[in-house]
Every structure is written in C-alpha cells, then in structure tokens.
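**Student:** Can you read through this structure? Questions will come right after.
The values are calculated or read from the model by the stated rules, or taken from the named source; none is laboratory data. Source: prediction; values computed, not measured. Here the Cβ positions follow ideal geometry from the backbone for every residue, glycine too, while neighbour counts run over all protein chains shown.
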Amino acid sequence: MLSISDLHAGTAGKEIIRGLSLEVPAGEVHAIMGPNGAGKSTLSYVLTGRDGYVVTGGSVTLDGEDLLALEANERAARGLFLSFQYPLEIPGVPALTFIRTALNAQRKARGEAEMTAPAFLKLARENAAKLKMDFEMLRRPLNVGFSGGEKKRMEILQMAMLSPRFLILDETDSGLDIDALRIVSEGINALRAPGRGMLLITHYQRLLDYVRPDRVHVLAGGRIVASGGPELAHELEREGYDKFAKEPA
C-alpha cells in the first residue's frame, strides 16, 4: 500500500529525513516512535505535501502511484489523511461546513456525486454519537474554544466522515486524559479495515495499549533504525531512545 524507499527530505538547506525506507501493507497499522527531532512530524508533512518541505531523493508510492508527483489536494483526493498533532482553529467556519466541503471536494475529484445534505447530517450524527460528541459542537467554528481532547475527537470525526484509504496520525494521543484517549482510540480502531493502512506517530507506548500495531519502527537521525512487533514499544518505554539516538544517521 504505502511504500517509501530511500527518502531524503527536509526544509530549505536542512536535510531531516536521511534515507528512510518503510513498507506499510494494506490492512496493517504501523507505529513510528522516536526521540524529539528525529524527523517524525517532518515525515508526515512530506508524505502529505505540506509547503516548505523539499524532497531531494527517494520515492513514495501509494498503491503503486507516485505520491510525490501529486499536489497536497490531489493526495487527499487519493485518500491520504493527516491528523494533526495541533489541530488548527478556523474562526467563522462551522465544523459541519468544513467537513462537508472537504468531503464533497474529494468526492468531486474522484468523479463521484456529492453527498446530499440529509445523508451528510445523518452520517455526521451517527459518527458524533460514537465519539460521545455533542452534535451542537459541530455547529461551532472549527476547533475554536475546544479543549485538547475535543480537538482530537474532531480529527477522528473527520477521519470517519472522509473514510480515507491511508491514515497518518501525528501524536494524536498528546494532551489527552485517560477517558479521551480511550474514546479516540476506539474511533481509530473502528477505522481498521483490510483495504486501509495506518501510520501512528507517537512518543509514548500508552496509545499502543489501545491501538495495537502490527509493527513498530524506531525513527532516529532521519531514518528507521529498528523495527519489531508491539513488544518493541514496551522496550522503548522501559529503556528509552538513547541507544538508537547514538547510532550514526
């Protein structure tokens, strides 16, 4: 599904990703863990086409299609979704309007008919209920005045509504209390499917108690330096990243 080969990327004049290779098959959830400054968020930005990041080598494909040749909106239309570590606030734009506009823009780009307002509202109510969100929140400006947990639930709601093919979750667990972490994790697990892949980026093992990954990778110095099963996350929790951070990039 997602295939990254010898990727080199960063900001102008600074290489951050240094020969990273990774395969995430359809139907699997992979976790990337690593110390601060390892390149975890940079990887998510490069994959989704954020401005200001430059690819200087390597390749990235999604189901065989060259992802790097596409603009950010085209990648989204292909089903790539990024859940932000710090979700943006958009004053003046109701959450429902934002999500419906995004959903129908993607459907149009894929040559599909727009979702009618009644069908959209029905789906939004169903998904909000699963995430224990007050539906009236969706009538408020997107994320404005929301708590950290409410913002993260809104990200999961967007995922459920857009039903992407590949999810990248950048530290979705940051700032969540235990109850919010459980609810958000349930929302993530509900999206696991044979034709969908997920990449979880996290500092801590606690998220992986709720969303059990198929594989765990350690990112240090801009590349993957170790991979293993879920037990690797427990090892990192016990021993930290020191031995990996010291390895040459």
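**Student:** Restricting attention to segment 78-97, does a residue exist that is of a type in the set (Phe, Trp, Tyr), on the phi < 0 side of the Ramachandran plot and touching an Asp or Glu at 6+ places or on another chain (Cβ under 8 Å)?
**Tutor:** yes
**Student:** Follow-up. Quick check on this structure: which one of 153, 139 is closer than 16 Å to residue 99 by Cα and in contact with a strand residue (DSSP E or B) (Cβ under 6 Å, 6 or more places away or on another chain)?
**Tutor:** Step by step, each of 153, 139 is checked, and only 139 is closer than 16 Å to residue 99 by Cα and in contact with a strand residue (DSSP E or B) (Cβ under 6 Å, 6 or more places away or on another chain).
**Student:** Based on what the data block shows, is residue 156 under 24 Å from residue 78 (Cβ atoms), in contact (Cβ under 8 Å) with a residue 24 or more places away in the chain and of a type in the set (Val, Ile, Thr)?
**Tutor:** yes
**Student:** Hey, does segment 70-77 have a residue that's surrounded by fewer than 14 Cβ atoms within 10 Å (Cβ to Cβ), out of contact with any helix residue (DSSP H, G or I) (no Cβ under 9 Å at 6 or more places or on another chain) and not in a strand (DSSP E or B)?
**Tutor:** Yes: segment 70-77 contains one or more residues that are surrounded by fewer than 14 Cβ atoms within 10 Å (Cβ to Cβ), out of contact with any helix residue (DSSP H, G or I) (no Cβ under 9 Å at 6 or more places or on another chain) and not in a strand (DSSP E or B).
**Student:** Restricted to segment 21-46, and to residues that are among the aliphatic types (A, V, I, L, M) and out of contact with any helix residue (DSSP H, G or I) (no Cβ under 7 Å at 6 or more places or on another chain), which residue is surrounded by the most Cβ atoms within 10 Å (Cβ to Cβ)?
**Tutor:** Residues of segment 21-46 that are among the aliphatic types (A, V, I, L, M), as a first pass: 22, 24, 26, 29, 31-33, 38, 43, 46.
Filter again for out of contact with any helix residue (DSSP H, G or I) (no Cβ under 7 Å at 6 or more places or on another chain), leaving 22, 24, 26, 29, 38, 43, 46.
Details: 22: 20, 24: 22, 26: 14, 29: 23, 38: 25, 43: 28, 46: 25.
If we take residues in segment 21-46 being among the aliphatic types (A, V, I, L, M) and out of contact with any helix residue (DSSP H, G or I) (no Cβ under 7 Å at 6 or more places or on another chain), then 43 is surrounded by the most Cβ atoms within 10 Å (Cβ to Cβ).
**Student:** Within the set of pairs 6+ apart or on separate chains, which have a first residue in segment 220-240 that is crowded, with 17+ Cβ neighbours inside 10 Å, a second that is in a loop (DSSP other than H, G, I, E, B) and among the hydrophobic types (A, V, I, L, M, F, W, C), and C-beta atoms under 8 Å apart?
**Tutor:** So the pair list comes out as 220/38; 220/249; 221/38; 221/249; 222/38; 222/249; 223/249.
**Student:** Does segment 203-249 hold any residues that are part of a loop (DSSP other than H, G, I, E, B), modelled with pLDDT of 90 or more and at negative phi, and which are they?
**Tutor:** 211, 212, 213, 214, 229, 230
**Student:** In addition: Only one of (1) modelled with pLDDT under 90; (2) surrounded by 14 or more Cβ atoms within 10 Å (Cβ to Cβ); (3) part of a helix (DSSP H, G or I); (4) not small (Gly, Ala, Ser) is not met by residue 179, so which one is it?
**Tutor:** Answer for residue 179: the failing condition is (2).
**Student:** Mind listing just one residue for me: the one in segment 87-139 that is in a loop (DSSP other than H, G, I, E, B) and touching a Leu at 6+ places or on another chain (Cβ under 9 Å) and, of those, surrounded by the most Cβ atoms within 10 Å (Cβ to Cβ)?
**Tutor:** In this case the residue turns out to be 133.
**Student:** So, one more: Please go through segment 1-57 and give me each residue that is out of contact with any His (no Cβ under 7 Å at 6 or more places or on another chain), basic (Lys, Arg) and in contact (Cβ under 8 Å) with a residue 40 or more places away in the chain, ordered by number.
**Tutor:** 40, the sole residue that qualifies.
**Student:** Considering only segment 8-15, I want to know if a residue exists there that is surrounded by 14 or more Cβ atoms within 10 Å (Cβ to Cβ) and under 22 Å from residue 202 (Cβ atoms). Even if it seems obvious, please write down each step before you answer.
**Tutor:** We begin by selecting, within segment 8-15, every residue surrounded by 14 or more Cβ atoms within 10 Å (Cβ to Cβ); these are 8-10, 15.
With the extra rule that they be under 22 Å from residue 202 (Cβ atoms), the set shrinks to 9-10.
Yes; the residues of segment 8-15 include at least one that is surrounded by 14 or more Cβ atoms within 10 Å (Cβ to Cβ) and under 22 Å from residue 202 (Cβ atoms).
**Student:** I would also like to ask the following. Identify, from the list 138, 181, 131, 176, the residue that is within 30 Å of residue 3 (Cα to Cα) and not basic (Lys, Arg).
**Tutor:** Exactly one residue qualifies, and that residue is 181.
**Student:** Here is a list of conditions, (1) part of a loop (DSSP other than H, G, I, E, B); (2) at pLDDT below 95, and residue 193 meets all of them except one; can you say which number that is?
**Tutor:** (2)
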